[in-house]
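Before any comments, here is the structure.
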Amino acid sequence: MQNTTIDIRQYLFILRRRWISSILVFLVVVAGGISYCLFWPKTYLATALVVVQPQKVPGKIVQSTVTTRIEERLQIITQQVLSRTRLIEIIDRFHLYPKLKGKVAPDDLAERMRKDITIKITRKNYFTISFLYSDPKAVAAVTNALAAFYVDSNLRLREQDARGTARFLARELARKKARLAEWEDKISKFKQEHLHELPEAQDKNLMIMDQLQKRIDALSYNMYLERGAINYQEQILAGITNEIQKLELKKAWLRKQGVGSGSGKESGETDPKAIEKEIERLRVFYTDDHPDIQRLKRHLRRALALQKAKKAREAKMKKQGKELKPEDLELGSLQESRRRTAERIKQSKERIKALEEEKRRVEAELAKFQRYVKNGPRVASALEELTRGYDVEKKAYDSLYAKAQEANMAANLERTQRGEQFEVVDPAQVPDAPYRPDVKKALPATLALGLMMAVGLSFGLNYIDTSFTSISQVEQLSEFPVLVVVPPLITAEESYHRRHKLLLIGAVYSLVFLVEIAVIGLLLTGRAYMLKNAFGKLMTLFT
């Protein structure tokens, strides 16, 4: 088996054999990296850190109506910032891209600046705004202007959202208030139309019905008493009429006989003493409130009045000197009693008529209240339905009113900048070193790349080289041992020229390497601008 052990001397031999080309490649790559750091247009980067400050008033006291997330608001503001109008305004304000103005279209100019702006959300409540440009002062000023625009736009957007919510709720509240007024008007009209049929009026209706029923009963009883009085008065009237007829017949008979008569006795119907005896007799069985006793008391008063009138006529006749016969006196008294009795009957009938009229009126009133009570359940159901609709609207109105008040407070919160807002905690500073090219990153990368290319070139050339460089290669390829090795025959002159050439190449390489090291030192210390200026003056002299 062949020996697979790695021989480091073989690799060193390859590098030593190709050292001229390898070092040349290394120096060329390093020179390219140094040229990139020296002559590539410098681009500066400025970054501003913006923090999202939470609401200063606790959310339990005032609830914010701005529900958009930070990412959504950033996206909206970014679209505004990166709009063509805004970018052209910033370009004109800070005099950016002067070499491109007039040569490219405004849209291309805005697109160029749009690529140089970077918005990055680093944390939940932090984001950065970065801008790339060739002027360090301009890049810091533009970055701070962009950050200020983000802060102002966030305040404006939040205030607009809060005001929009408040205006929307105000419109809805006005609409709900109008609807509530319609329901109130419906309920008011319904109550006016059914004033006596409402549930709260039913107890009063029943009480009035009871009073009306009692009034009807009282009227019926009074009518009964009046009819009884009429019957009694008619009986009295019939008795008085009968007595008058008897007296007239008696008087006519006496005139015919030529004699006068008159006992002067009063009938039992008009004799006060007889009536008083009858009242005393009835009191044994009844109280003074009994109808018969009350009727006899009225008769007693009339009999006393008749007796008084009779005595007054007698006194008058005696005063005039006329002789009054007993039968004439009795006849006149009976006729007066008949007239008064007829008058009382007439008055009783008129009272009965008035009582009947009042009874019909009270019965009509009772029927009306009975209708109110009958319609009560239906009216209560309709009123309950209206009240239910009103309560739903009232509840919605109260809820909307509370939300409108909260929205107004939230709008005032945003107006006074007490809500969530952006704050630039780390404004952009004028950069000291360019972002591109980054010397501290480019130079190590250049050295590493030069070293890798030099080593790679050595091994690559060795791979494609078909010549023998060692005895082992010959023995391995021919499978025969090497017996004699003939060294190259070089004269002393050729050896001198060869050494002189190698020394010259080494000196040149060393000089170039030292120059490159010096330039790298200037680049790392930040003084390469002196070399660049000197090179510029030199180029100016040659041109």
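Scanning region 98-115 for residues that are under 16 Å from Gln80 (Cα atoms) and touching a helix residue (DSSP H, G or I) at 6+ places or on another chain (Cβ under 9 Å) yields Asp107, Ala110, Glu111, Met113, Arg114.
Residue by residue, here is whether (1) in contact with an Asp or Glu (Cβ under 7 Å, 6 or more places away or on another chain); (2) farther than 30 Å from Val424 by Cα; (3) outside any helix (DSSP H, G or I); (4) in the same structural domain as Arg378 (by TED's automatic domain parsing) holds:
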| site | (1), (2), (3), (4) |
| --- | --- |
| Ala148 | no, no, no, no |
| Asp152 | no, no, no, no |
| Arg158 | yes, no, no, no |
| Ala162 | yes, no, no, no |
| Leu169 | no, yes, no, no |
| Leu206 | no, yes, no, yes |
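Based on what the data block shows, is Lys359 in contact with a Ser or Thr (Cβ under 8 Å, 6 or more places away or on another chain) and at pLDDT 85 or above? Against the criterion (in contact with a Ser or Thr (Cβ under 8 Å, 6 or more places away or on another chain) and at pLDDT 85 or above), Lys359 qualifies. Report whether or not Leu212 is touching a helix residue (DSSP H, G or I) at 6+ places or on another chain (Cβ under 9 Å), surrounded by 12 or more Cβ atoms within 10 Å (Cβ to Cβ) and on the phi < 0 side of the Ramachandran plot. Yes: the conditions hold for Leu212.
Here is the figure for region 90-126: residues that are surrounded by fewer than 13 Cβ atoms within 10 Å (Cβ to Cβ) and within 16 Å of Thr143 (Cβ to Cβ) total 6. Only residues that are under 32 Å from the mean Cα position of the chain (by Cα), hydrophobic (A, V, I, L, M, F, W, C) and crowded, with 19+ Cβ neighbours inside 10 Å: list them for region 140-170, please. Passing the criteria: Ala162, Ala166, Leu169. Checked against (1) touching a residue at least 60 places away in the same chain (Cβ under 8 Å); (2) farther than 20 Å from Leu219 by Cβ, Arg388 passes all but a single condition, namely (1).
For region 120-136, the count of residues that are among the hydrophobic types (A, V, I, L, M, F, W, C) and part of a helix (DSSP H, G or I) is zero. Thr47 - would you say it is in contact with a Pro (Cβ under 7 Å, 6 or more places away or on another chain) and touching a residue at least 40 places away in the same chain (Cβ under 8 Å)? Judged against the criteria, Thr47 is not a match.
The values are calculated or read from the model by the stated rules, or taken from the named source; none is laboratory data. These numbers were taken from a predicted model, which means no experiment stands behind them. Neighbour counts are summed over all protein chains in view; Cβ atoms, including those assigned to glycine, are modelled from backbone coordinates with ideal geometry.
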